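Down below is the structure, laid out as structure tokens.
The values are calculated or read from the model by the stated rules, or taken from the named source; none is laboratory data. These numbers come from a predicted model, not from an experiment. Please note: Cβ atoms are built from the backbone with ideal geometry, for glycine as well, and neighbour counts cover all protein chains shown. Side chains included, ligands, DNA and RNA excluded: accessible areas come from the protein's heavy atoms. Shrake-Rupley method; radii C 1.70, N 1.55, O 1.52, S 1.80 Å.
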Amino acid sequence: MKTITKMQLSCGRTVKDVKNNKLITLAIETSCDETSVALLADGREVLSNVISSQIDVHKVFGGVVPEIASRHHLEQINGVFSEAMSEAKVTPDEIDMIGVTYGPGLVGALLIGVATAKAFSFAWDKPLVGVHHMQGHISANYIAHKDLKPPFISLIISGGHTNIVEVTDYNECVTLGKTRDDAAGEAYDKVARVLGIGYPGGPVIDKVSKEGNPHAVEFKRVFLEKDSLDFSFSGIKTGVLNYLNSEKQAGRDVNAADVAASFQLAIMEVIVAKCISAVKKSKHDKLVIAGGVAANSLLRKMLSDECEKNNIAFYYPPLDLCTDNAAMIGCAAYYKYINGGEDDLTLDVCANLEL
Ligand code: KG4
Ligand code: ZN
């Protein structure tokens, strides 16, 4: 990464200029199954955030098929870009820099976004800023809560991650705990698949659980070692499978809503307890949740109740900023850029990029 001084940005403006005349970011996100382009002013004001979802395409396969995802990004990206530009009423010469997700994610999918961003950067001679997808998820909260700034404790919870981190600065964090096997979203998706209730699993289980009894089946709560902030979700997935098999062998009907609600409560009790414990152990008084599973209604309710009891300020993004979108990537890119972070045309994708 090339380092530039804080006072002289490579688009020719000074930090002072940037404050007076808003810095316009073009952002691109293609890490999984959403093709998204956004335009932002000064990182936190969204001018447009266009998302083309491939959910219906992958539904028939019960999961994201990487090769199909790449092809769809390729087909969608130009149209999504044009729509985002016209919605924001921004012209290419008004754009100050380009932010793009370069990892983690599906290699082929990431490549479409990064190649597009590089092409714009080269053709328009604008700075290029690579963004960590999960830093983007955290940044969704800066867009939603204008007063929010680091430091704080964050739960990053998605299809690929379940981490409790201390966010020490914009785009900087220290991991306090993480999953040792499946991510929470992955567990939701797998359990929904074995229950045969639809795809993607997270929103379906969230919805179906409202009709079920969360105490119908007592799945084991996995806390691991005392004081550990790590997670393990593979056991509960097996627990659901074993339960379904034993009920089938006994010739009993299974109530999918009861199983979904019981699974969800077992997972969330552990997550909520560990988040509260992480904040209490830290010197911070704010908890911020981020990622696709942050859309979960039970998680939001349980955390907001527990945070209130423990005098912790609780922040979560609106639903449309929880799942993958380019606005959150633009916000993270903005903070990286004004703090001197810029990439060049050698920027490459990194499927397993660490936090
Ligand atoms: O952040 P995201 O869009 O993609 C990744 O970066 O992984 O998260 C997708 C994950 C999926 O596993 C999906 O099932 C889950 O988020 N998800 C939910 C809900 N909405 C999406 N999980 C639980 N409850 C929800 N309401
Ligand atoms: Zn994501």
> Taking the simple approach of a point 7 Å from Cα along Cα-to-Cβ for both Asn245 and Lys149, what is their distance in nm?
Replying inline: 5.5
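With every protein chain kept in place and ligands, DNA and RNA left out, what is the accessible area per residue of the chain? Probe 1.4 Å, answer in Å².
Details: 15400 Å² over 355 residues.
So the chain comes to 43 Å² accessible per residue, rounded to a whole number.
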> For the pair Asp227 and Glu83, how long in nm is the line joining their label points, each one 7 Å along Cα→Cβ?
Replying inline: 5.1
> Using alpha carbon centroids, what distance separates region 163-198 and region 47-115, in Å?
Replying inline: 23
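Kindly work out what percent of the DSSP beta bridges joining two residues of region 152-317 are antiparallel, to the nearest 5. Each step should come with its number before you reach the end.
Numbers: 12 of 20 bridges.
Close to 60 percent.
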>> Out of the trypsin sites (Lys or Arg not before Pro) in region 226-268, which ones are loop residues according to DSSP with at most 13 other C-beta atoms within 10 Å?
In response: Lys226, Arg252
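Could you order the peptides 57-68, 115-126 from most to least packed, using the average number of other C-beta atoms within 10 Å per residue? Numbers along the way, then the final one.
Details: 57-68: 14.7, 115-126: 16.8.
Per-residue Cβ counts within 10 Å, averaged per peptide and sorted highest first, yield 115-126, 57-68.
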> How many nm separate the modelled label positions at Leu345 and Glu308, each set 7 Å beyond the Cα in the direction of the Cβ?
Replying inline: 5.6
> So which of Lys220/Lys248; Lys59/Lys190; Lys274/Lys301 end up more than 18 Å apart, counting from Cα to Cα?
Replying inline: Lys220/Lys248
>> Taking every alpha carbon pair in the chain, what does the distance histogram look like in 20 angstrom bins from 0, in percent?
In response: 31, 55, 14, 1
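Enumerate by residue number the trypsin sites (Lys or Arg not before Pro) in region 279-318 meeting two conditions: DSSP loop (anything except H, G, I, E, B), and at most 16 other Cβ atoms within 10 Å of the site's Cβ.
Details: sites: Lys280, Lys281, Lys283, Lys286, Arg300, Lys301, Lys309; in loops: Lys283.
Qualifying residues, ordered by number: Lys283.
Let me check I've understood the local charge: for Arg300, count other residues with C-beta under 12 angstrom from its C-beta, Lys and Arg +1, Asp and Glu -1. What total comes out? List each step's numbers first, then the result.
On the way: positive: Lys301; negative: Asp206, Asp305, Glu306.
Its environment carries a net charge of -2.
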> For Thr238 and Asp125, what is the calculated FRET efficiency with R₀ set at 56 Å and r taken between the beta-carbons, to the nearest 0.05?
Replying inline: 0.55
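Relative to the present Cα-Cα distance, how much length would full extension add between Lys281 and Arg180 at 0.36 nm per residue of separation? Kindly include the intermediate steps, with their values, before the conclusion.
Numbers: separation 101, 0.36 × 101 = 36.36 nm, distance 2.13 nm.
The span from Lys281 to Arg180 would gain 34.2 nm if fully extended.
Among DSSP bridges having both ends in the chain, what percentage is antiparallel? Round to the nearest 5. It would help to have the intermediate numbers written out before the result.
Numbers: 30 of 47 bridges.
Close to 65 percent.
Between Ile68 and Asn255, what is 0.36 nm times their sequence separation minus the Cα-Cα distance? Round to one decimal in nm. All intermediate terms of the calculation are to be shown ahead of the outcome.
Details: separation 187, 0.36 × 187 = 67.32 nm, distance 3.40 nm.
Contour length minus the Cα-Cα distance gives 63.9 nm.
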>> Can you list residues from other chains, or at least 5 along the same chain, whose modelled amide H is less than 5 Å from the amide H of Lys178?
In response: Ile164, Asp230, Phe231
> If you roll a 1.4 Å probe over the chain with all protein chains in place, what percent of the accessible area is carbon or sulfur?
Replying inline: 53
